[in-house]
């Protein structure tokens, strides 16, 4: 179900690109082709710039039984599937978009992106 909505979102973005590529004449008879190239792109981007996205950085995963979950307490250690030094996964709306490494900036954790997933790989992950 998520894959279908993601495909629809991708198709909607293609529609926006198609709108940008079409030129036209305004009321004064001026050619809008050049205006579309400069201001049309920002107008179409303005439509999506305020859409909130959920960004998640995944350190690793673990599966456990409910019984084991109920036994957890302060100081318990949960073993994750990733090894030390493996890149973290950066997910946007639960879709992989990049990989990176942990950094500390002003006593806060951060992620330095080391690899961006190509658009073709993102589209293929939807299938």
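Numbers below:
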{"quantity": "Label-to-label distance, nm, for residues given as residue 76 and residue 124 (7 Å Cα→Cβ offset)", "calculated": "3.9"}
{"quantity": "Hull-based mean projected area of the stretch 43-122, where the convex hull spans the alpha carbons, in square nanometres", "calculated": "8.6"}
{"quantity": "Full-stretch length increase - residue 116, residue 55 - with 0.36 nm per residue and alpha-carbon distance subtracted", "calculated": "20.5 nm"}
{"quantity": "Residue order, fewest to most beta carbons within 10 Å, for 121, 89", "calculated": "121, 89"}
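Read-outs throughout are calculated quantities, based only on the coordinates presented, and are distinct from any laboratory measurement. The structure displayed is predicted, hence computed values, not measured ones. Here the Cβ is made from the backbone with ideal geometry for all residues, glycine too, and neighbour counts use every protein chain on show.
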